[in-house]
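Values quoted throughout were computed directly from the atomic coordinates according to the rules given, and no laboratory measurement underlies them. Everything numeric here is computed off the predicted structure, so don't read it as measured data. Note that we place each Cβ from the backbone using ideal geometry, even for glycine, and neighbour counts take in every protein chain shown.
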Amino acid sequence: MLQLAAVALANHAAQPAPQLYWNSVLPNTQMPRAISELLHTDSRNEEKSTYMNAVGNGKGKPEIFPLGIKGYNQKQYGGGIKGYNQKRYGKGSPSSDNQLLHYKDLAIFFFEKDMRPGTTMKFQFPRNSNTATFLPRESAQSIPFTSNKLPEIFNHFSVKPTSVEAKTIKQTIEECKAPGIKAEEKYCATSLESMVDFSTSKLGTRNVEAISTEVLERGATTSMHNYTTMPGLKKLAAAYVLSLKGDDGEKVKAVTICHLDTSEWNPEHLSFQILNVKPGTVAICHFISTDGIVWVPKHKSA
């Protein structure tokens, strides 16, 4: 199991160094929107920090997504989803019957068979609300990333210790430094360059694909939709790329990860409650949010 965490510490000006590094190390890899959007943002934004977390799929394929995904899930589905994010494979209290009824109506977790063309799933793909830009590796490494340096971090980003931002920074560091589960490798990268280095080293090649979920065509509304899986399902190891069409016309290129080995997950994990299965019995899949990234080696024929 591979888990890595990436932290993008950003300021008001777009920094060219991360993109230059990407182009030099990965000249044949298209940069996914989830990353490119962090390189070109509104220059009026004041200095801020963006935190990214990544979790593997059980077979050594790096999967990266911002820690902000906690807010994406909790706001959308309620506090019970915390078992999926904050304590992904660890302890977590069972969801109430009402919560489970609600979650079971949504495609939070699903089986591989549920991705067949023609199947319908209810979900929502919010826009990536991240407005920060990556710092170059040299700048990022000059900023401490440890709990005993919190006052220095708060001061660097002009964050009040009692603010919501300070709480987010503290929680991010704690989650990043927490040990992973058995057979899981965890790493905290503080720059795009470090993320690229770690992902390529674990995949054993620079001939990689970095993919993210993208809303290709917005529908009439931004609410929850019923999405139909269109023909053209693409499998990349334990990752899939689906073409989805919403009931209002919205079109999404959805990246999905299937966790093949869930034997070490907590039996009370939300996924088992939703799908009514036991740990280690079946692969469990979920969509990657629009600010997430999945890294896979390219096929030799690619």
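The figures follow:
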item	result
Partner aspartates and glutamates for Lys278 [C-alpha distance under 13 Å; skip if fewer than 8 residues away on the same chain]	Asp261, Glu264, Glu268
Distance between modelled label sites at Ser24 and Thr119, nm, 7 Å Cα→Cβ extension	4.4
For the range 220-302, alpha-carbon Rg over 2.2 N^0.38 Å	1.28
Extension reserve of the Thr205-Ser158 stretch, reckoned as 0.36 nm per residue once the Cα distance is removed	13.0 nm
R0 of 30 Å, Cβ-Cβ distance His299-Lys182: FRET efficiency to nearest 0.05	0.50
Simple spin-label estimate for Lys235 and Arg218 in nanometres, 7 Å along Cα-Cβ	3.6
D (Stokes-Einstein, µm²/s), Kirkwood Cα radius, the range 151-258, 0.890 mPa s at 25 °C	138
Per-peptide average of other Cβ atoms within 10 Å, ordering 279-287, 253-261 highest first	253-261, 279-287
For the range 217-271 versus the range 123-201, the gap between their alpha-carbon centres in whole angstrom	26
